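A short write-up of the structure that comes next.
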Amino acid sequence: MSQVTLLILIFIILALLLRLDIVFYIVYVIAGIYFLARWMTPRAFRALKMDRQFADHAFLGERVEVTLRLHNQKRLPLPWLQLDESVAPELAGGPAPRFAVSLRGRESREFHYAVQAIRRGYYRLGPLTVRTGDLFGWSELRAQAPASYLTVYPRITPLARLGLPSRLPFGTIASQRRHFEDPARPVGVREYHRGDSMRLINWKVSAHSDNLLVKTLQPAISLDTCILLNLNRDDFSAATRYSAPEWAIEIAASLAAHLVEQQQAVGLATNGRDLLRLMAQEQDEAMPFDPVTGRLMPPEGALPESAQQAAPLQPRRGRDHLMKILELLARVEPMPAAPFAGWLPQATLRLSWGVTLPVITPEASDEIVQALHRLVRAGFNPVLIVTTRVAEFGQVRARARQLGYTAYNVAAPPDLDIWRQQRFTGVA
């Protein structure tokens, strides 16, 4: 029995004993207000519509504006509402958003706050907890709006002036062997010859010169690129277990963006954990929120390795495909996995002959070096990119050259300057 019900019973007993009209009046007023509040507030609260609006994708450093919208769909008022929004610690720029408001019948209100995308990841906004009750505090109701998710892309370092060896064909490369002519690479015009395709005629230039001219295109070889990213947690040292995976992901994102900008086909395969794939197999409530990073993190051993591993993205062209790659790189996390050298043949099963494979890994062990040699013999074009500092990397580079591929040590942002400024020569 609630305190209000007990109070009403006490007044009723007093009214019956004292036979006073004023006591009966007080009983009627208290009982009427109580039962009206118990009926009106829950009815209006059940019809309350809660909505969260924001741009669910952002790049590092961007400020994301979030709008919380409440709409009272009933004519009954809501005397007070308290809103408490849960925000990931790595997104919050201050205290957790909290608002208080009252809503008249059919009224809508909006509340605004902002989060800062300061680290790559897949974050949860919410749930939004809303509390209400009657004016006298006799009852309190609570509801939650479902959580929403924000994807923060990894940092992209521009590689517009990237110099590459002549035998490292990232995507479609210039070649003197005319496998086909690439219409995306015009180099001039020439006079029309019988047998030339009508689609190659440059009508605008022909009209100016009063002579039929056709476009000359740069000969090319069609070779796709698939980035292979090693996120096996056991391959990272304890000192670099946090920073090195983020750096490897940044390199993969930068390389993918560069290739798409050059109108090349690029794909991605990684042995890391994809949180979105996990969430498709588990209930959202079973996905704990990491209190340190603010990102959804599954418990260790919750699912077998094969169920956690990110699904590969086959080489495709275009900005839409680049966004899919960046989304995957935003979500993916290191996890204990099978040895990387043993995973490589599995990752390349569905790739066609001649695909270039930038292999991004924190180490250059003998097993990985030999595994890349086997990929060369299988008709692929691997490129080893080691993301942590290796003291004797000259030996690794020389051995890789003997085995038919090229190796780079890109352990820090200044190393990318070498890629931008130095035009490498020689053969792989």
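Amide H of ILE227 versus every other amide H placed in the peptide plane: which residues, excluding those fewer than 5 positions away on the same chain, fall under 5 Å?
Residues meeting the amide H criterion: GLY267, LEU268, ALA269.
Check ALA364: other-chain or 5+ apart residues with amide H under 5 Å from its amide H, H built from backbone geometry?
none
Note the per residue figure in Å³ for the convex hull of the C-alpha positions in region 312-373. It would help to have the intermediate numbers written out before the result.
Numbers: hull volume 6.6 nm³, N = 62.
Given the Cα convex hull of region 312-373, per-residue volume reads 106 Å³.
In what sequence, highest mean first, do 75-83, 392-400 appear when ranked by Cβ atoms within 10 angstrom?
On the way: 75-83: 17.2, 392-400: 14.9.
Going from most to least packed, we get 75-83, 392-400.
On a full-extension model of 0.36 nm per residue, what is the gain between THR129 and ILE22, subtracting their alpha-carbon distance, rounded to one decimal in nm? Before the final figure, lay out each step's value.
Numbers: separation 107, 0.36 × 107 = 38.52 nm, distance 4.19 nm.
In short, 34.3 nm is gained.
For region 397-404, what does the Karplus curve 6.51 cos²θ - 1.76 cosθ + 1.60, with θ = phi - 60°, yield as ³J(HN,Hα) per residue in whole Hz, taken in order and with x for Gly and Pro?
5, 5, 5, 4, 4, 5, 8, x
Could you rank the peptides 151-158, 372-379, 263-270 by their average count of other C-beta atoms within 10 Å per residue, with the highest value first?
On the way: 151-158: 19.9, 372-379: 16.4, 263-270: 23.2.
In decreasing order of mean packing, 151-158, 372-379, 263-270 become 263-270, 151-158, 372-379.
Find the Cα radius of gyration of region 46-152, compare it with 2.2 N^0.38 Å by division, and give the number to two decimals.
Values: Rg = 15.0 Å, N = 107, 2.2 N^0.38 = 13.0 Å.
For region 46-152, the normalised Cα radius of gyration is 1.16.
Please order TRP39, TRP247 by the number of other Cβ within 10 Å, starting at the fewest. Before the final figure, lay out each step's value.
Values: TRP39 11, TRP247 20.
Lowest count first: TRP39, TRP247.
Which far-off residues, 5 or more places away or on another chain, put their amide H under 5 Å from the one on MET335, with H placed in the peptide plane?
Excluding prolines and chain starts, which carry no amide H, the hits are ARG233, ARG273.
Order 91-97, 63-69 from most to least packed using the mean count of other Cβ atoms within 10 Å.
Details: 91-97: 14.0, 63-69: 15.7.
Ranked by mean Cβ neighbours within 10 Å, highest first: 63-69, 91-97.
Quick note: the coordinates plus some simple rules give every number you see, no bench work behind them. Source: prediction; values computed, not measured. Virtual Cβ from ideal backbone geometry, glycine too; neighbours counted across all protein chains shown.
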